[in-house]
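First comes the structure, then the notes that go with it.
The values are calculated or read from the model by the stated rules, or taken from the named source; none is laboratory data. None of the values given here were measured: they were computed from a predicted structure. A quick note on method: Cβ atoms are made from the backbone with ideal geometry, for glycine too, and the neighbour counts reach across all protein chains shown.
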Amino acid sequence: MNEQDFAAKVADHLDDGTQALPPEVLRRLQAARQQALAHMPARRGAGARRGNPFQSHWRLTVPAFAMVALAVGYVVFTLTGDSVEQAVHELEAEMLQHELPPHAFHDEGFQEWLKRNSKP
Amino acid sequence: MAEAKFQALMRRLVLPAALLLGVAAAWAEAYDWTALSAAQQSMLAPWQREWASFPPERRRLLANLAARHPADAPQYGQLKAEIAYYAALLEHERARLLARYKDFKNLPPDKQQEIMRQWLQYDSLPAEEKEAWRRLAQQRK
């Protein structure tokens, strides 16, 4: 028996029970039901403001804020990266297109030559 | 009332954020190896295997450097050889090279010119003589 079958059986049983009630009791139950229904919209609104935040717009806005924060973080990281690392990459690209070739800065013999030739 | 304002604010935030995300993703993809021209790929070939692991900014700078030197440009071959030389260096060798370049850049222009003149002289030496200078540098260490 699934949940729906069980609920239908409970409802049938309750309906059978109400037929056995005296008319005065039925009338009072009907009046109480009407009164309860009349208060429902107001209670629902108040409950939403006081109760579980996930019953309200927070259910949508919390993930939305998280998505926005992630997007901004990703964009900032992608577009800027680490500034020290970026400076090294800029230096590398600049060095590669300089008139002096990379091996001029790597050749230890040239460094020695420079030291010798810069002496007075 | 407050809820409506909040939802309107969210609508205004979510769309730009999604657009930014798209732009960033497209920007990162723009320097994908397969998006480079044949001439760029040929020049940057020493880095092909590790290209995807480079930060987007490094890919952008290197791809633009290669793009500024098309295959028919006079310096194409020279730059390609220099990239091959530089890419073959070990990490610490590249770091030392860049540190020396940074020092060079900070020199006054006349001193930079002097070093460039010295390089031309040194580079024109016979290979054996350059090797002798390297041995001398080795002995000093």
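A few comments on the model shown:
- Taking residues in segment B:65-81 that are within 13 Å of A:H98 (Cβ to Cβ), and partners anywhere that are modelled with pLDDT under 95 and among the aromatic types (F, W, Y), not one pair has Cβ atoms closer than 6 Å while being at least 6 places apart or on different chains.
- Taken over segment B:55-74, the criterion of being within 10 Å of the chain's Cα centre (by Cα) and either surrounded by 14 or more Cβ atoms within 10 Å (Cβ to Cβ) or assigned to a loop (DSSP other than H, G, I, E, B) (or both) is satisfied by B:E57, B:R58, B:R59, B:R60, B:L61, B:L62, B:A63, B:L65, B:A66.
- Condition check for B:R100: more than 8 Å from chain A (Cβ to nearest Cβ) and either of a type in the set (D, E) or without any contact (Cβ under 8 Å) to a residue 60 or more places away in the chain (or both): no
- From the list B:A127, B:A71, B:A95, B:A66, the one residue that fits, being among the hydrophobic types (A, V, I, L, M, F, W, C), more than 9 Å from chain A (Cβ to nearest Cβ) and under 20 Å from A:V88 (Cβ atoms), is B:A66.
- Segment B:63-92, residues that are among the basic types (K, R) and out of contact with any Ser or Thr (no Cβ under 8 Å at 6 or more places or on another chain): B:R68
- Put simply, of B:I83, B:I115 the only residue that is under 14 Å from the mean Cα position of the chain (by Cα) and part of a helix (DSSP H, G or I) is B:I83.
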